[in-house]
Amino acid sequence: MTETLTYADLLAAVAAPEGAGAEIKDPATGELIGHAPQSTTADLDAAVERARTAQRDWAKLPHAERSAALNRAADAIEASAEALAELLSREQGKPVKNGPNAAFEVGGCVAWTRATAAFEIEPEVLVDDESGRAELHWAPIGVVGGIGPWNWPMMISVWQIAPALRMGNTVVLKPSEYTPLSVLALAHVMNQALPEGVLQVLAGDGELGRAFTAHGGIDKITFTGSTATGKAIMKGAADDLKRITLELGGNDAGIVLDDADPKAIAEGLFWGAFINTGQTCAALKRLYVSDALYDAVCEELVAVARAMPMGNGLEEQNVLGPLQNKAQYDIVARLVQAAKDGGARVLLGGDPDGSAPGYFYPTTLVADIDNDNPLVAEEQFGPALPIVRYTDLEQAIAWANGLEVGLGASVWSPDVERAKEVALRLEAGSVWINKHGAIDPRVPFGGVKQSGMGREFGELGLKEMAEAKSISV
Ligand code: NAD
C-alpha cells in the first residue's frame with residue numbers, strides 16, 4: 001500500500017540511531033539533519049544474496065508487469081513528493097520549490113520512472129526468409145550495482161534503478177556519502193510498490209564502492225561520478241569482466257554565433273550554466289562568444305544573474321543554493337582565484353563572504369579570460385562561468401573540442417541550420433541548440449571521450465541494462 005509519508009516518517013525510516021552512523025549536515029547552515037547508516041562489506045554480501053534470489057522471479061515477469069510495478073513506484077514517489085523534496089533540499093542544499101530544484105528533481109524521478117515503464121521492448125526479427133529465422137531478444141544481466149554522486153542524488157538514482165528493473169535485473173545502490181539519506185528515503189518510498197529484495201540501498205563511502213566493483217555477485221556496475229573514479233571502476237570491473245556504464249565528468253562548451261540575440265538567449269545561458277548552482281554534469285561550463293556581440297552577451301548575462309537570489313533552500317524566494325560540500329567550495333574558490341591571477345575580468349561575484357554559515361559561493365561571471373586558464377580548462381562544478389571571446393568560429397570549435405572530456409555542448413543562433421552544422425562538429429554525446437542540458441527520458445544521454453561509456457535513457461539506455469541474445473531457427 002502506498003502511503004503519504006512526512007519528513008519525520010522518512011527520517012525515522014532511514015536514519016541511523018543518534019550516535020551511530022555518519023553525521024549528515026545541511027550545507028546551507030551546518031545544522032545536523034540526521035545520521036546515515038554505514039553498511040559493511042558483510043551487509044553488501046547479504047544484499048547481493050537477496051538481490052540474486054529476488055532476481056529469479058523478477059526476471060520471469062513479463063514486461064507489462066514490471067512496467068506496472070514501476071508505475072506504482074512512481075505513484076508512491078508522487079504521494080510523498082513534498083517530504084522527499086524537503087529532505088533533498090536539506091541534505092543537498094538546492095532550494096525546495098523555486099526553479100529547477102528539489103521539487104523539480106522529485107518530479108523528474110516520477111517522470112523518468114513512468115517514461116521507462118512506457119517503452120515497448122519487443123524481440124526484433126533480424127532474418128525471416130528461406131535461410132531461416134533469427135530473432136534478437138534482450139535478456140536480463142542479473143544484479144546491477146549502482147554507484148552515484150551527490151549533485152542530483154535522487155534523479156540519478158532513478159536513472160540507474162528504473163531501466164535496470166524494467167529489463168529484469170535487481171538493483172543494489174550505493175549513494176554518495178554526502179547525500180545518502182535522500183536516496184535511502186527514495187528507495188524506502190519506491191519499495192512500498194516493489195517486491196522484496198528487488199531494490200536495496202547501502203550507504204557508505206568510496207571503500208564500499210570499491211567492494212561493489214570487486215563483488216563477484218554483481219554483474220554490472222552503473223556509475224555516475226567523476227572521471228577519476230570511473231577509471232578506477234573500469235579497472236576493478238576488468239577482473240570478472242563486469243558490464244559497465246560510466247557517466248562521468250564534463251566541461252561543456254557553449255558557442256554563441258555572431259548572429260545571436262543576446263537578450264533573447266541570456267536566461268537560457270544562465271540556467272544552462274547555473275542550474276543546481278552549477279553542480280550539474282552537463283551544465284554549460286565554458287562559454288565562447290563571438291567578438292561581434294561579446295559585450296552585449298556579458299551585459300545581459302550579468303543582468304539575469306544579478307536577479308537570481310541565492311540562499312537557504314527552505315526560504316521560498318531562493319532559486320540557487322550553496323555548494324554541497326567544502327571540497328567542492330574549495331575547487332570553485334581556487335579556480336576563480338586562478339582566473340583573477342591570470343588577469344581575467346570579474347563581472348559579477350568572485351568575492352565570497354567567508355564569515356557566513358554554509359558553503360555559499362556567489363554567482364560569478366568572468367570575462368576576458370584565456371582559453372588555457374584553469375577556470376576554463378578544468379571542471380569547476382559550481383557557480384562560476386568563464387566567458388571566452390573569439391573572433392574566428394574555427395578557433396572556437398577547436399577550443400570547444402580541445403579537452404579530453406565531451407559530455408554535452410551547445411550552439412546558440414537563430415539560424416538553426418547553421419547552428420546544426422557547428423553542432424555536428426562538436427565532440428560531445430549531446431549537443432543542444434539554443435538551450436543547454438535539457439535532458440529527456442526518450443533521448444539517449446552520455447559522454448564521448450573521457451566523459452564516459454554507454455548511454456542512459458531511451459531504448460538505447462534500456463538495452464544497456466540487458467544482454468543481446470540471438471535465437472536462430
Ligand atoms: P565521485 O567520483 O567523487 O563519487 C561518486 C561516487 O563514487 C560516490 O558514491 C563515491 O562514494 C564513489 N566512489 C569513490 N571512490 C570509489 C571507488 N574507488 N570505487 C567505487 N566507488 C567509488 O564523484 P562526485 O564528486 O560525487 O560527483 C561529481 C562528479 O560527477 C563531477 O565530475 C560530475 O561532472 C560527475 N557527474 C556526471 C554525471 C553524468 O551523468 N555524466 C552526472 C552527475 C555528476
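Every read-out reported here was derived from the displayed coordinates using simple, explicitly stated rules and does not represent laboratory data. Owing to the predicted nature of the structure, the values given are computational and were not obtained by experimental measurement. FYI the Cβ positions are ideal-geometry reconstructions off the backbone, even for glycines, and counts take in every protein chain you see.
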**Study point:** segment 344-473 - Kirkwood radius from inverse mean 1/r over Cα pairs (Å)
**Key:** 17.5
Check your understanding: Among the DSSP beta bridges whose two residues both lie in segment 252-440, what percent are antiparallel, rounded to the nearest 5?
Key -> 10
Check your understanding: For segment 369-418, what is one quarter of the convex hull surface built on the Cα atoms, given in nm²?
Key -> 4.4
Check your understanding: For the chain, what are the per-bin percents of Cα-Cα distances with bins 10 Å wide, up to the bin holding the maximum?
Key -> 4, 20, 29, 25, 15, 5, 1, 0
Exercise for review: Inverting the mean 1/r over all pairs of different Cα atoms, compute the Kirkwood radius of segment 252-440 and quote it in Å.
Suggested key: 16.4
Review point. Taking a spot 7 Å from the Cα of Asp291 along the direction of its beta carbon, which residues of segment 374-396 have an amide N less than 19 Å from it?
Key: 387-396
Exercise for review: With label points built 7 Å along Cα→Cβ from the Cα atoms of Asp57 and Asp341, find their separation and express it in nm.
Suggested key: 6.0
**Study point:** Pairs beyond 30 Å (Cα-Cα), from Lys25/Lys435; Lys97/Lys449; Lys25/Lys285; Lys60/Lys94
**Key:** Lys25/Lys435; Lys97/Lys449; Lys60/Lys94
Revision key, fill the gap. Segment 7-80, convex hull of Cα, quarter of hull surface, nm² -> 7.2
Practice item. Have a look at segment 345-403 and give its Rg and Dmax from the Cα atoms, expressed in angstrom. Key: 13.7, 45
Check your understanding: Once fully extended, how much extra length lies between Gln317 and Ala134, figured as 0.36 nm per residue of separation less the alpha-carbon to alpha-carbon distance?
Key -> 60.0 nm
Exercise for review: Within segment 40-75, find all residues whose amide N lies under 12 Å from a label point positioned 7 Å from the Cα of Ala214 along Cα-to-beta-carbon.
Suggested key: 41-42
Check your understanding: What share of the DSSP beta bridges in the chain is antiparallel, in percent to the nearest 5?
Key -> 40
Check your understanding: Taking 0.36 nm per intervening residue step and subtracting the Cα-Cα distance, what contour gain separates Val443 from Ala468 on full extension?
Key -> 7.0 nm
Revision key, fill the gap. Taking R0 as 30 Å and r as the Cβ-Cβ distance between Gln395 and Lys231, the FRET efficiency 1/(1 + (r/R0)^6), rounded to the nearest 0.05, comes to 0.45
Point to revise | GluC sites (Glu not before Pro) within segment 146-211: DSSP coil, no more than 14 neighbouring Cβ in 10 Å | key: Glu196
